[in-house]
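These notes concern the structure reproduced below.
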Amino acid sequence: MKVALLQMDIAWDNPEENVQRAEALRALQPGADLYVLPEMWATGFATSPEGLAEQESQSVALEWMRQTARSYSCAVCGSLAVEVEDEHGASYRNRQYFVTPDGISFYDKHHLFAHGHEDEHYTSGQTHTIVNWQGFRFLLLTCYDLRFPVWARYGWAGEYDAIIYVANWPQSRMDAWNVLTHARAIENQSYVIAVNRVGCDASCSYTGGSMMIDPIGRTIAACKNEAEHSLLAILSLSDLQKARARFKVLQDEDKPHFPFV
């Protein structure tokens, strides 16, 4: 599978401009099967979403993801700050979408970033999401989730083939980003696709560090730091299966003492 990492700068609170930026980066990698964007790629990391988050039903950014998936027979993944209506009323979600020509799957960020007060405005997701696309099973996780290995060890080992982390991970904590992304790949014997932003907002500077890591912890593709960059990388299901068969770590995992939902 051909995966395009779209490491973009994000214009604050400007979905229309960010759609244009995303499309320009996508066009540099025609023919990819999956395009992955950063966290809150349409607005920037809006910890206070009032007045910034799009209504999910009217989202310009989500509509672009839909149209792109249909037009190019591909999948598009990235998170958006959205206001949603459900049986419990209105709420804000940091919602990671995985859009294919056939429909939309999503994951609501579970570990909200309390240090930045994200938890004061958004509703935490309580379930995992695994998406099947072209024979691969993708576990969707978002930014701060990276620090919590138990949440990534979903159910029984081997239930997914790759983890997608979309992020707004600041320059000041890039050492943690580099260590933890590789750790999640090694301990789960899975690919990790980690896409971060570049540029600045009112709170932080971002240097990217977007990459793909293989199941034994090798970086197999990495975007240029501090610049918008699109990069194509290849996922191989046969290579993953060979790695798991050759070194059977997952069969010796600690079984969870509580049910995953």
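As a rough guide to protection, the peptides 189-195, 80-86, 53-59 ranked by mean Cβ packing within 10 Å, highest first, stand as 189-195, 80-86, 53-59.
Take His115: with every protein chain present and a 1.4 Å probe, its accessible area is about 140 Å². Starting from the Cα gyration tensor of the chain, take the square roots of the eigenvalues, sort them a ≥ b ≥ c, and report rounded, prolate or oblate (rounded when a/c is under 1.5, otherwise prolate if a/b is larger than b/c, else oblate). Rounded. For segment 7-147, relative contact order (Cα pairs under 8 Å, six or more residues apart, normalised by length) works out to 19 percent.
Note on His117: accessible area is roughly 90 Å² with a 1.4 Å probe, heavy atoms of protein only. A 1.4 Å probe, protein heavy atoms only, puts the accessible area of Phe247 near 140 Å².
Ordered by 1.4 Å accessible area with all protein chains kept, Tyr72, Tyr107 run largest first as Tyr72, Tyr107. One equal scatterer on each Cα of segment 30-178, no solvent, Debye formula: the resulting log10 I(q)/I(0) at q = 0.15 Å⁻¹ is -0.78.
Projecting the Cα atoms of Gln55, Val84, Val99 onto the charge dipole of segment 50-106 (Cβ charges, centred on the Cα centre) puts Val99 farthest toward the positive pole. Where both bridge residues fall in segment 112-261, DSSP classifies roughly 55% of the beta bridges as antiparallel. Considering only Tyr122, Gly135, Ala152, the residue lying farthest towards the positive end of the dipole of segment 89-153 is Gly135, judged by Cα position with unit charges set on Cβ. Each DSSP beta bridge with both residues in the chain is either parallel or antiparallel, and the antiparallel ones are about 65%.
Of Ile213, Ile186, the order by accessible heavy-atom surface (1.4 Å probe, DNA, RNA and ligands excluded), from most exposed downward, is Ile186, Ile213. Solvent exposure of segment 80-202, expressed per residue, is 38 Å² of accessible area, with all protein chains present and a 1.4 angstrom probe. A simple spin-label model places the labels of Lys248 and Ala202 5.6 nm from each other, with each point 7 Å out along Cα-to-Cβ. Equivalent-ellipsoid semi-axes for segment 100-255 (Cα gyration tensor, √(5λ), whole Å, largest first): 25, 19, 16. Only Lys, Arg, Asp and Glu carry charge here, each on its Cβ (+1 for the first two, -1 for the last two); on that basis segment 1-143 has a dipole of about 780 debye about its Cα centre. Between Arg173 and His88, the contour length at 0.36 nm per residue exceeds the Cα-Cα span by 27.0 nm.
In debye, nearest 20: dipole of the chain around its Cα centre with unit charges on the Cβ of K, R (+) and D, E (-)?
For the chain, the charge dipole is close to 1240 debye.
When the chain is described by a simple charge dipole with +1 on each Lys and Arg Cβ and -1 on each Asp and Glu Cβ, the residue from Ala221, Ala75, Ala167 located farthest towards its positive end is Ala221.
About its Cα centre, what dipole magnitude does segment 176-261 give when the only charges are +1 on Lys and Arg Cβ and -1 on Asp and Glu Cβ, stated in debye to the nearest 20? Numbers along the way, then the final one.
Working: 9 positive and 9 negative charges, 59 e Å.
So the dipole magnitude of segment 176-261 works out to roughly 280 debye.
Normalising the average separation of contacting C-alpha pairs (under 8 angstrom, six or more residues apart) by the number of residues puts the relative contact order of the chain at 20 percent.
The values are calculated or read from the model by the stated rules, or taken from the named source; none is laboratory data. Bear in mind that the values here come from a model prediction, so they are computed numbers and not experimental data. Every residue, glycine among them, receives a Cβ derived from its backbone with ideal geometry; neighbour counts consider all protein chains shown. The protein model used for the area step is the full one, side chains on, heavy atoms only, and it has no ligands, DNA or RNA in it. Shrake-Rupley method; radii C 1.70, N 1.55, O 1.52, S 1.80 Å.
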